[in-house]
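Comments concern the structure below.
The values are calculated or read from the model by the stated rules, or taken from the named source; none is laboratory data. Model, not experiment: these values are computed from the prediction. For neighbour counting, all protein chains shown are included, and Cβ atoms are generated from backbone atoms with ideal geometry for every residue, glycine included.
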């Protein structure tokens, strides 16, 4: 009888210790406040300003409010998620190393919930391909300061974002470099703001095919079919030349109009390469060496979240200047031949631009 009593007492004490430890973690979480960090350390850790994070928290609060008494506050959920996006560290490391003691399952739930809410709330306003005359003219005018000709609405390219081996259609996700990935299309403006993200395709799918199914192509088709201005996208030689898709002239002889056009084209189109560099430098979960340990659908949500946060940060002049100074590498993939009619129309338009703007 005494043994049973002692066993029961031990069980009660274990329960109380567990409860006390849980309460201790909850108190620690509530007392830790990243906003007490210096502005420099805050930005270094979370990649955003305090004002930006405060804005995120207030917008996310209605749908992330904790239900259980010892559940994670909205602030903790947001900070844990942003720290993961910024570092790309494994979830267990985030829980141990962050200002908050959070278990790995809780970190995982935070990332899933917070990224989904950020995309739901902010995507339509933050990732915005020009939708009206005023927006088109604004972007075109900004690009014209870099190019010799008007009408550019964006620079387009795809980038490979590494993911863990998927559970379905494994081979489709293995890209030409031999690792599993999503091939993600992005379009940007002259100020390195992202205006389109399309993260629905496996790594083996070609850039041109992705563009062919995208909302951006449908919008460019609409503008062209209805004679709404003369607008263009700048793409590398992996895209089929079209009336609105300008590509470089391969192997153009030096000191020719074609050569001057191509030099200018590569200079302007480099903005999208710089976006990729800035994005992966700031949100390190997107780097190849970190690998997103998520299945494709959740990985796509994380990628879109990083693009949204990138654009939010671009509202800050200091960030914008930092971004403009990063990553000036130009990478041109091998040329492909698309449909013949597209090539003919595209090359005809390209020749007209060369003749009009690059003779001297």
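When the residues of the stretch 153-166 are filtered to those that are in contact with a helix residue (DSSP H, G or I) (Cβ under 6 Å, 6 or more places away or on another chain) and surrounded by 24 or more Cβ atoms within 10 Å (Cβ to Cβ), the one that is farthest from residue 85 (Cα to Cα) is 153.
Residues checked against (1) in a helix (DSSP H, G or I); (2) within 19 Å of residue 307 (Cβ to Cβ); (3) free of Cβ contacts under 8 Å to residues at least 24 places away in the same chain:
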{"residue": "166", "(1), (2), (3)": "no, no, no"}
{"residue": "178", "(1), (2), (3)": "no, no, yes"}
{"residue": "187", "(1), (2), (3)": "no, yes, no"}
{"residue": "201", "(1), (2), (3)": "no, yes, yes"}
{"residue": "219", "(1), (2), (3)": "yes, yes, no"}
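Of the residues making up the stretch 283-292, not a single one is more than 18 Å from residue 87 (Cα to Cα), in contact with a strand residue (DSSP E or B) (Cβ under 9 Å, 6 or more places away or on another chain) and in a helix (DSSP H, G or I). Among helices (runs of 4 or more DSSP H) entirely within the stretch 28-97, having at least 1 residues that are within 23 Å of residue 315 (Cβ to Cβ) and modelled with pLDDT of 90 or more singles out 39-46, 50-64, 74-87. If we scan the stretch 5-18, do we find a residue that is over 19 Å from residue 305 (Cβ atoms), at pLDDT below 65, within 27 Å of the chain's Cα centre (by Cα) and not in a loop (DSSP other than H, G, I, E, B)? No, because not a single residue in the stretch 5-18 is over 19 Å from residue 305 (Cβ atoms), at pLDDT below 65, within 27 Å of the chain's Cα centre (by Cα) and not in a loop (DSSP other than H, G, I, E, B). No other residue among 191, 196, 183 is under 16 Å from the mean Cα position of the chain (by Cα), part of a strand (DSSP E or B), at pLDDT 95 or above and surrounded by fewer than 23 Cβ atoms within 10 Å (Cβ to Cβ) apart from 196.
Scanning the stretch 221-253 for residues that are assigned to a loop (DSSP other than H, G, I, E, B) and more than 21 Å from residue 266 (Cβ to Cβ) yields 226, 227, 228, 229, 230.
Of the residues in the stretch 323-338, not one is surrounded by 14 or more Cβ atoms within 10 Å (Cβ to Cβ), at pLDDT 95 or above, outside any loop (DSSP other than H, G, I, E, B) and over 13 Å from the mean Cα position of the chain (by Cα). Can you tell me which residue within the stretch 142-152, out of those that are part of a helix (DSSP H, G or I) and touching a residue at least 12 places away in the same chain (Cβ under 8 Å), is surrounded by the fewest Cβ atoms within 10 Å (Cβ to Cβ)? Of everything passing the filter in the stretch 142-152, 142 is surrounded by the fewest Cβ atoms within 10 Å (Cβ to Cβ). Suppose the filter is closer than 19 Å to residue 310 by Cα, crowded, with 21+ Cβ neighbours inside 10 Å and modelled with pLDDT of 95 or more; does residue 233 pass it? No; evaluated as a whole, the condition is false for this residue. Selection of the stretch 288-306 for residues being modelled with pLDDT of 95 or more and within 23 Å of residue 43 (Cβ to Cβ) yields 302, 303, 304, 305, 306.
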